[in-house]
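Below is one structure, written out as structure tokens; comments come after it.
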Amino acid sequence: MALVRRHGRGILDRFILKEMAGPFIFGVMSFTMVFVAGDLLFQIASLIIEKGISLGVVVRLFLYRLPEVIILTLPMACLLSSLLTFGKLSANSELVALKASGIAFQRILRPVIWGAIIVGFAALILNETVVPFSNRAAENLMRYEVMREKPSLLQEQVFLRDESQGELNRVIYIEKLQPRKGTMSNILVQEFEKGKLRRITVGKTGLWKDGKWWLNDGEVYQVGETGKVELLFHFDRQHFELDLSPQQVEQASRKPKEMSATELLVHIRLLKAQGARLAPLWVMFHLKLAVPWASVVLAILGASLGVRSHRTGSGVGFGLSVVIVFVYYVVMSFCKALGETEHMMPFIAAWLPNVLFLLVGSFFARKAND
């Protein structure tokens, strides 16, 4: 404790983070192995034995599925690392010495919270970049190389984004697409300039003919600076600038679960103009933001419980972490179902599990000062 007094409390923060680093890495690896062994390896073994899929394809599928699994393990690893670290500090009477020197438990929690916030930000960034890409790659690999599926005759709710140099130019929504016939129906095109919506084109039907898309029976609207929408003209037939064949459009379309939160928000706004039911998509959007921050909530809870578990070994700590995570995901699934059926606001449905577990963690954190 004299060392803490001489060099300030910054050394305490570094000490706690260093102690948590090992259990955190152990948690990521352990929980990843649990997920992989429980689902992914079984699926991979089935592909090799029953379908005779090559090892190269199997390895690619494993790598594509891994980012999503790792994202799920980060909150669990934060819980385990804080639980084991504070259990060890408590067992060695180091926490008693710290509190005896006048350092409150809330101050001791500071490096835990900051470390978990960094993990939460990392999870959020990966969720917005790597995970959607890897999920799409895994889905395409399963459908076209493993299952040998042919493109379906009818594709519904096709969503396309046209970007250049990171700037959004157009958002295209096609209610129904028949790639083999080269036809589509109920098309909505939103054109942007410098991030602002400027023009809307709607067409009842579309046709792929002579290597070009044509829209039939449609209207073009102009969006003013104030957001006012004015009809410019009607058309019976108009060329639609889209440098994709029907088959390429089908492959380029993304499912909501394969989108980032930003893409999903644009998708929701687009479907809103079609009068679609949006509750499940809003829940999905808020969950993409809420789940990464479970790292902070579970880290606080783990540290607070670790103080009370004076003899928590890695095995017991791992088991307790599994139980807590199981309860968390049960609550989250229940709230998600309520949100999707519109019995609860989507925002509340997504964030309520974090709020509830934060309240429990805060309760135990206050008790830790006693």
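What to note about this one:
- Inter-residue pairs, beta-carbon under 7 Å, first touching a residue at least 24 places away in the same chain (Cβ under 8 Å) and in the stretch 200-221, second open to solvent by 60 Å² or more (accessible area, probe 1.4 Å) and of a type in the set (Lys, Arg), 6+ apart: 214/237; 218/204
- Residues satisfying the stated conditions in the stretch 297-328, i.e. at pLDDT below 85, under 24 Å from the mean Cα position of the chain (by Cα) and open to solvent by 10 Å² or more (accessible area, probe 1.4 Å): 322
- Answer residue from the stretch 199-224, given it is touching a strand residue (DSSP E or B) at 6+ places or on another chain (Cβ under 8 Å), surrounded by fewer than 15 Cβ atoms within 10 Å (Cβ to Cβ) and modelled with pLDDT under 85 and is nearest to residue 176 (Cα to Cα) among those: 212
- Complete set of residues in the stretch 96-141 that are under 14 Å from the mean Cα position of the chain (by Cα), at pLDDT below 90, in a helix (DSSP H, G or I) and among the β-branched types (Val, Ile, Thr): 130, 131
The values are calculated or read from the model by the stated rules, or taken from the named source; none is laboratory data. Not measured: the values here are computed from a predicted model. FYI the Cβ positions are ideal-geometry reconstructions off the backbone, even for glycines, and counts take in every protein chain you see. Each accessible area value is taken on the protein alone, full model and side chains, heavy atoms only, with ligands, DNA and RNA left out. Shrake-Rupley method; radii C 1.70, N 1.55, O 1.52, S 1.80 Å.
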